[in-house]
Amino acid sequence: DIAVRRVPRLHHIQRTIGTGGMATVYVGRARGAVGFSRLVALKRAHSHVKNDEKLAASMKLEARLASRLHHANVVSVLDVEEDDGDLILILDYVEGCTLRTLSVRVEEHGERRPREMIRVILDVAAGLHAAHQTTDENGRLLGLVHRDVSPSNILVGVDGVARIADFGIAKAIVEGSERTETGVLKGKSSYMAPEYVMFQRASAQSDLFSLGVVAWEALAGVRLFKGPNEIETLKRVMNAEARPLSAHAPELAMLDGIFERALAREPSDRYASALEMATDLERVARAHDLVASHAEVAMLVERVARAE
């Protein structure tokens with residue numbers, strides 16, 4: 001288990017880069033001996049978290065689970081510290097933007113960038129597969145499920161590499177950390193899987209459904225299940241009546257079969273793993289020259305999202 005220790009005050013906060021329901025994230029600089037210095041992300045829990053045993057435990061669980069993940073397409077948790085009772089996660093700092101921002105900026109430029117978006121999706125699938133295959137020290141599969149795969153939790157770096165972030169509501173099936181209370185849904189409704197909305201059951205196939213929604217939207221340039229209100233959105237998710245990608249991007253009709261399977265209403269009808277889904281997507285995409293290099297993604301990020 002990852003150890004919680006008091007902050008040695010070697011992390012200097014420089015700028016706020018985001019805030020959520022449980023924590024605020026800052027850019028910080030870690031300093032060490034012999035002139036060591038690097039930028040890191042500091043995720044500091046809000047004050048109400050440290051006073052709530054369940055919330056504090058969930059953030060520590062995030063650190064414990066994510067510390068076991070070591071993959072190029074996952075944002076790493078480097079350390080967890082405590083400062084005057086405040087819990088702080090030290091994470092890799094990814095210079096770049098979220099997939100949400102990248103998609104918005106591409107749309108503002110009046111462009112469609114399917115090759116770059118497919119490269120991003122393949123990266124995310126690789127990171128998600130690594131999460132699903134995470135084991136404990138004894139090699140026992142943890143059954144880790146992210147439960148919040150969405151464009152805002154995908155970071156696309158200036159190096160062109162996409163990484164999945166924020167395991168704050170993840171659960172490890174083997175550890176028994178089923179933390180969703182009855183009737184309470186955690187995550188972004190328009191990216192949830194039908195079985196999670198209806199029964200609060202989450203599995204690797206649930207994450208694959210979410211990834212399918214993310215990928216579909218990135219390529220179509222429109223939202224898939226998002227409705228005028230939360231109730232309508234949840235109804236659309238439960239029905240899982242996904243429009244063919246070709247209805248919005250006719251030039252990508254060759255991918256319709258992949259999304260039909262990824263967005264199947266029944267988990268058993270979906271891909272068996274993120275790796276299988278990625279393999280199928282890459283096979284078809286490469287046959288039509290639709291897989292960009294990381295260098296091409298890097299150029300796109302630099303060009304359209306430079307401010308971010």
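The values are calculated or read from the model by the stated rules, or taken from the named source; none is laboratory data. As the structure is a prediction and not an experimental result, all values here were calculated from the model. A quick note on method: Cβ atoms are made from the backbone with ideal geometry, for glycine too, and the neighbour counts reach across all protein chains shown. Side chains are part of the model used for accessible areas, which takes the heavy atoms of the whole protein and leaves out ligands, DNA and RNA. Shrake-Rupley method; radii C 1.70, N 1.55, O 1.52, S 1.80 Å.
General observations
- When 295, 285, 253, 264 are screened for being in a helix (DSSP H, G or I), open to solvent by 10 Å² or more (accessible area, probe 1.4 Å) and either touching a Lys or Arg at 6+ places or on another chain (Cβ under 7 Å) or under 17 Å from residue 123 (Cα atoms) (or both), only 295 passes.
- With respect to (1) under 19 Å from residue 149 (Cβ atoms); (2) among the β-branched types (Val, Ile, Thr); (3) part of a helix (DSSP H, G or I), the lone exception for residue 34 is condition (1).
- All conditions but one from (1) open to solvent by less than 60 Å² (accessible area, probe 1.4 Å); (2) out of contact with any Phe, Trp or Tyr (no Cβ under 6 Å at 6 or more places or on another chain); (3) farther than 23 Å from residue 275 by Cβ apply to residue 205; the one that does not is (3).
- Residue that is nearest to the chain's Cα centre (by Cα) [pool: residues in the range 80-105 that are open to solvent by 30 Å² or more (accessible area, probe 1.4 Å), farther than 16 Å from residue 22 by Cα and charged (D, E, K, R)]: 100
- Against the test of being closer than 21 Å to residue 102 by Cα and either open to solvent by 60 Å² or more (accessible area, probe 1.4 Å) or among the small types (Gly, Ala, Ser) (or both), the options 226, 235 yield a single qualifying residue, 226.
- Number of residues in the range 137-163 that are at pLDDT below 95 and assigned to a strand (DSSP E or B) equals 3.
- Residue match in the range 125-145 (condition: open to solvent by 50 Å² or more (accessible area, probe 1.4 Å) and closer than 19 Å to residue 295 by Cα): no
- Close contacts from the range 220-242, counting a first residue that is closer than 27 Å to residue 112 by Cβ and in contact (Cβ under 8 Å) with a residue 12 or more places away in the chain and a second that is acidic (Asp, Glu) and part of a helix (DSSP H, G or I), with Cβ to Cβ under 8 Å and a gap of 6+ residues or different chains, come to 221/107; 223/217; 224/217; 242/260.
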